[in-house]
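> One structure follows; several queries about it will come next.
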Amino acid sequence: MKTAIAAIIALLSLGLLTTTQAEESPLYGGLKVGAMLADKMSLDDGVRMSSPDAVANAGIIGGYQFKTGKLGFLGAEGELTTSFGRGRADFSRNGAKIPQGDNVWSVTTAALYGVYQTPGKFYAKAKAGILYDRISASGNTLSASATDWHGSYGLGGGWKIGEGALELEYTVIEKNIDFVSLGYRFQIGN
């Protein structure tokens, strides 16, 4: 938790260091940190996960915006995240409970989204696209994973600060995993 708080403070500090530019570049990059929230799910080798704790994830984003006039922006955005913390969970294999020990889980994601963003200093954002995820579970007597490609979508909002923006997002990673994140986005070039 202390690591997540330090990351949020670093993101806020970046926002305070930006300067204003006359015209924004269509290219942008950014950093994000947040919590992966999961429900019970099946992994490889008959392993089933239940009662998982949230996992802290951090990642990078990159994108391109096309201006659409007074209606806002359309664009494309790529995102990579990985767990920097691990969450505990209960696991079973083929119906038999796996003994509690250091049983933990984590998730890594890679996604490509189409994005719509409203105009203004405060804005709303919607995204939808395709996502690859790898869910890993490990412990004293446990090693399992699951990988998949599927659709993903999210909603959020932002606040422009200089040439950057702070963004809060809620993303549906898959049927059993959601990601709540805070990010800092900045323009690249001009």
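The values are calculated or read from the model by the stated rules, or taken from the named source; none is laboratory data. What you see is a predicted model, and the numbers here were worked out from it, not measured in a lab. Glycine gets a Cβ as well: all are built from the backbone with ideal geometry, and neighbour counts include every protein chain shown. The protein model used for the area step is the full one, side chains on, heavy atoms only, and it has no ligands, DNA or RNA in it. Shrake-Rupley method; radii C 1.70, N 1.55, O 1.52, S 1.80 Å.
> List every residue pair whose Cβ atoms lie under 7 Å apart, where the two residues are 6 or more positions apart in sequence or sit on different chains, the first residue falls within the range 49-61 and is at pLDDT 95 or above, and the second residue, located anywhere, is loosely packed, with under 14 Cβ neighbours inside 10 Å and not in a strand (DSSP E or B).
Ala56/Thr3
> A further question on this structure: Out of (1) more than 23 Å from Thr82 (Cα to Cα); (2) open to solvent by less than 70 Å² (accessible area, probe 1.4 Å); (3) among the small types (Gly, Ala, Ser), what's the single condition that is false for Gly183?
Status for Gly183: all satisfied but (1).
> Of the residues Gly34, Gly69, Gly85, only one is modelled with pLDDT under 90 and in contact with a helix residue (DSSP H, G or I) (Cβ under 9 Å, 6 or more places away or on another chain); which?
On the way: Gly34 fails: modelled with pLDDT under 90; Gly69 fails: in contact with a helix residue (DSSP H, G or I) (Cβ under 9 Å, 6 or more places away or on another chain).
So the residue among Gly34, Gly69, Gly85 that is modelled with pLDDT under 90 and in contact with a helix residue (DSSP H, G or I) (Cβ under 9 Å, 6 or more places away or on another chain) is Gly85.
> From the residues in the range 81-106 that are in contact (Cβ under 8 Å) with a residue 60 or more places away in the chain and assigned to a strand (DSSP E or B), which one is nearest to Thr68 (Cα to Cα)? Quick ask: steps written out before the conclusion?
At the first step, the residues of the range 81-106 found to be in contact (Cβ under 8 Å) with a residue 60 or more places away in the chain are 81, 84-85, 105.
When the remaining residues are screened for being assigned to a strand (DSSP E or B), the result is 81, 105.
Working: Thr81: 29, Trp105: 42 Å.
Among residues in the range 81-106 that are in contact (Cβ under 8 Å) with a residue 60 or more places away in the chain and assigned to a strand (DSSP E or B), the one nearest to Thr68 (Cα to Cα) is Thr81.
> If you don't mind, another one. Inside the range 131-178, can you point out the residues that are over 30 Å from Val47 (Cα atoms), in a loop (DSSP other than H, G, I, E, B) and not charged (D, E, K, R)? Steps first, answer last, please.
Kept after step one, since they are over 30 Å from Val47 (Cα atoms), are these residues of the range 131-178: 155-169.
Within this subset, residues satisfying the condition of being in a loop (DSSP other than H, G, I, E, B) are 162-163.
Answer for the range 131-178, where residues must be over 30 Å from Val47 (Cα atoms), in a loop (DSSP other than H, G, I, E, B) and not charged (D, E, K, R): just Gly162.
> Still on this structure: Of these, Thr82, Thr118, Thr108, which one is open to solvent by 30 Å² or more (accessible area, probe 1.4 Å) and farther than 17 Å from Ala35 by Cβ? If you could, list the steps in order and put the result at the bottom.
On the way: Thr82 fails: farther than 17 Å from Ala35 by Cβ; Thr108 fails: farther than 17 Å from Ala35 by Cβ.
Criteria check complete, one pass: Thr118.
> Would you check if Thr109 is in contact (Cβ under 8 Å) with a residue 40 or more places away in the chain and either in a strand (DSSP E or B) or basic (Lys, Arg) (or both)? Break it down stepwise before answering.
Values: in contact (Cβ under 8 Å) with a residue 40 or more places away in the chain: yes; either in a strand (DSSP E or B) or basic (Lys, Arg) (or both): yes.
In short, yes.
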